[in-house]
Every structure is written in structure tokens, then in C-alpha cells.
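Engineer: Please find one structure pasted underneath; my questions will follow.
The values are calculated or read from the model by the stated rules, or taken from the named source; none is laboratory data. Owing to the predicted nature of the structure, the values given are computational and were not obtained by experimental measurement. All Cβ positions, glycine included, derive from the backbone under ideal geometry; neighbour counts span all protein chains shown. Surface accessibility is based on the protein's heavy atoms, side chains included, excluding ligands, DNA and RNA. Shrake-Rupley method; radii C 1.70, N 1.55, O 1.52, S 1.80 Å.
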Amino acid sequence: MAEIIGGVGTSHVPAIGAAIDHGKCHEPYWQPVFSGMQAARDWIAKTRPDVCIIVYNDHASCFDLRLTPTFALGVGEKFAPHDEGYGPRPVPEVQGVPELAWHIAESLIAQNFDLTLVSEMSVDHGLTVPLSILYDQPSVWPCKVIPLCVNVIQHPLPTAARCHALGKALRVAIESYASGLKVVVIGTGGLSHQLQGERAGLINAAYDQRWLDLFIHEPERVAEIGVAEMLRETGSEGVEAIMWMVMRGCLDARVKTLHRFYHVPVSNTAYGLVVLENE
Ligand code: DHB
Ligand code: FE
């Protein structure tokens, strides 16, 4: 059976990708950020998952207001990095796993999650920056990837509770796949940040730290937090953190925290990173 060997939560700040792409990781501004990531890089190098399921949002790159799927699963063979205005990032193409992705689609839809299935899509920083955070700059990504795109852009958004329930169903789907693949689930986005408007630059570190405590130890309480509270406390883009709840739903109620790192500011946002395993 396929096995979930752990979960990673990480912000997907594009400036981190730019720092890697332009060789700035050792500059004084970036050095503490990259040293805070090292334990996650060591963990992924040691555990070597075959597949990463990356729960991310598209930022009006591939999807725009003409088409807003609440949950979209990438079932294609490959996914090209999207050009976000500066040319596509110089990172390898992302290789999919259609057989597992279709199995997950069948299982989730049978469990009443009516996903949008996408054979052809490009992936933006929401997905490629977490890969760079974990794997740095390989010529080929060491894992295959199943993109699971969540709408956190155009309201109405799914709730944190729905994301958590989706994670629980995703675990059932993965663990019913008859092949010994090792899978890591990565929740991306957050933590507090707001990129526009009067509150641009908002960072609420106290809220983020409390949210992380609950996320790790009492996820059912995070599932009760409404989108309005997330917007108020963590900013218009801080609400991306609900995507971490899909990852959390894939793990047991009690988990071991292998790594937890929080750093502000990164660009004008909060950066959070956790690596969790079942106890
Ligand atoms: C930025 C963009 C994001 O999508 C995000 O999650 C954090 C920061 C940015 O443009 O700085
Ligand atoms: Fe984002």
C-alpha cells in the first residue's frame, strides 16, 4: 500500500524562489531564512518520498476569474512552471503521476468530494517555491508531484473544516492505492500576509504562533476558525493557510513535530515551516 510518511507546511513566498534562482541564499538578509529551512531539506533527503502531493493555490496564473475551481487535482503527466511576468522560473518541469492521481480522484469523488480534474495546467510559485524550499536547485525534481489546487483567491472560499475533511479523505485515498509508494503531503501558503490595500504588509506573529500550536496539537479547533477571522487576523492572503489543513487531515490526531520554524519578515510576509510525522 502507498504510505504517507509525513507532512510539510510551508509558506510559498515568491521572493524565496527568486533568492534561490539568483544565488542570494548566503546574503545576510536570506541566510537566517535558509538556515531555518535546512532541517526540512535534511528530512526530505533522508526520507526520499516517491511522490509529493502539493496543496497550493494558483495566483491567477493558470486559472483566472473565467474558471475558479474550488478544488482541482492535476491528473496529467507533467506541469510546466508558469510565466508570472518575469519569465517562468528556471526550475525543472514537474512530473505528475497520472495513475495515482486518477486513483485519488476516484476515491475522493466516491467520498463525496466533487473535484475538478485537470489534465493540462501550468503551476506557479504556489507550487514551485515549496519544491525549491525542500530540494534547492536539482536538474530534475527528485519526486513526482500531484498538484492539488485550492481556491483561496476568489470568495467564497472553502472552509478550513472542509480542507481538513478533504485531507482525511485524501489519506483514505492514498492508503488504498496498491503500490508501495512513499508519499509526503505538503500544505502551502500563509502565514500572515496582506499584499494589497490599506493593511498591506500586515504581519500578526502572535496569532501565527498560536495558530501553529493549535494546528499541530488541536487541528479540530483550527477547523472551527472561520475565513472571516483568518482575514481579520492574518490578512487577505494569510487565509492561504487553510490549505495546510488538507495536509493536517492526512496525519493522525497526535503527531511528532520534527521541525518548526517561523521568521518575519520574509519579503513583507510571515514565513512558517513545519515538518510533521505520525507518532
Ligand atoms: C507574495 C505572494 C504570495 O503568493 C504569497 O503567498 C506571499 C507573498 C508576494 O508577492 O510577496
Ligand atoms: Fe500565495
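Engineer: Can you tell me the order of 26-33, 204-211 when each peptide is scored by its average per-residue count of other Cβ atoms within 10 angstrom, highest first?
Structural biologist: In descending order of packing, they fall as 204-211, 26-33.
Engineer: What whole number of Å gives the distance from the Cα centroid of the stretch 228-248 to the Cα centroid of the stretch 149-188?
Structural biologist: 15
Engineer: In the neighborhood of residue 236, defined by Cβ-to-Cβ distances under 11 Å, what is the net charge if each Lys or Arg adds +1 and each Asp or Glu adds -1?
Structural biologist: -1
Engineer: Work through the residues other than residue 250 whose Cβ is under 9 Å from its Cβ and net out their charges, Lys, Arg +1 and Asp, Glu -1.
Structural biologist: Details: positive: 168, 171, 248; negative: none.
Summing Lys and Arg as +1 and Asp and Glu as -1 gives +3.
Engineer: Next question, about the same structure. Please compute the length gained on full extension between residue 213 and residue 159, using 0.36 nm multiplied by the number of residues separating them and subtracting their Cα-Cα distance.
Structural biologist: Using 0.36 nm per residue and subtracting the Cα-Cα distance, I get 17.5 nm.
Engineer: By its C-alpha gyration tensor, with a ≥ b ≥ c as the square roots of the eigenvalues, how is the chain shaped: rounded for a/c under 1.5, else prolate for a/b larger than b/c, else oblate?
Structural biologist: On the way: a/c = 1.24, a/b = 1.14, b/c = 1.09.
Here the chain falls in the rounded category.
Engineer: Could you give the size of the charge dipole of the stretch 102-230 about its Cα centre, using +1 on the Cβ of each K and R and -1 on the Cβ of each D and E, expressed in debye and rounded to the nearest 20?
Structural biologist: Charge dipole of the stretch 102-230: 180 debye, to the nearest 20.
Engineer: Only bridges whose two residues both fall in the chain count here: according to DSSP, what percent of them are antiparallel, nearest 5?
Structural biologist: Beta bridges within the chain, antiparallel portion: roughly 45 percent.
Engineer: Which of 72, 28, 98 sits closest to the plus end of the dipole of the chain, meaning its Cα is farthest towards the positive end, when Lys and Arg get +1 and Asp and Glu get -1 on the C-beta?
Structural biologist: Result: 28, furthest along the dipole toward the positive end.
Engineer: Mind running the shape call on the stretch 199-270? Use the C-alpha gyration tensor, a ≥ b ≥ c as the square roots of the eigenvalues: rounded below 1.5 for a/c, prolate if a/b tops b/c, oblate otherwise.
Structural biologist: Oblate.
Engineer: So how far, in whole Å, is the C-alpha centre of the stretch 92-148 from the one of the stretch 191-227?
Structural biologist: Between the Cα centre of the stretch 92-148 and that of the stretch 191-227, the gap is 25 Å.
Engineer: Amide H to amide H, which residues 5 or more places from residue 123 or on other chains are under 5 Å from it, using H placed in the peptide plane?
Structural biologist: For residue 123, whose amide H was placed from the backbone, the distant partners under 5 Å are 80, 82.
Engineer: Here's another thing I want to ask about it. Along the charge dipole of the stretch 125-279, pointing to its positive end and built from +1/-1 on Cβ of Lys, Arg, Asp and Glu, which listed residue (200, 139, 187) has its Cα farthest out?
Structural biologist: It is 139.
Engineer: Right, here's the next one. Please sort 178-191, 68-81, 134-147 by packing, taking for each peptide the average over its residues of neighbouring beta carbons within 10 angstrom, highest first.
Structural biologist: Most protected by this proxy first, the peptides run 178-191, 68-81, 134-147.
Engineer: Quick one: putting +1 on the C-beta of Lys and Arg, -1 on the C-beta of Asp and Glu, what dipole do you get for the chain around its Cα centre, in Debye to the nearest 20?
Structural biologist: Roughly 420 debye, rounded to the nearest 20.
Engineer: Over the chain, what percent of the accessible surface lies on carbon and sulfur atoms, probe 1.4 Å?
Structural biologist: Summing carbon and sulfur atoms, their accessible area is 52 percent of the total for the chain.
Engineer: State to the nearest 20 debye the size of the charge dipole of the stretch 237-279 about its Cα centre, where the only charges are +1 on K and R beta carbons and -1 on D and E beta carbons.
Structural biologist: Around 120 debye, computed over the stretch 237-279.
Engineer: Output the relative contact order of the chain, whole-number percent, from Cα pairs under 8 angstrom with separation of 6+ residues. Intermediate values should be presented prior to the final figure.
Structural biologist: Working: 628 pairs, mean separation 86.9, N = 279.
RCO, the chain: 31 percent.
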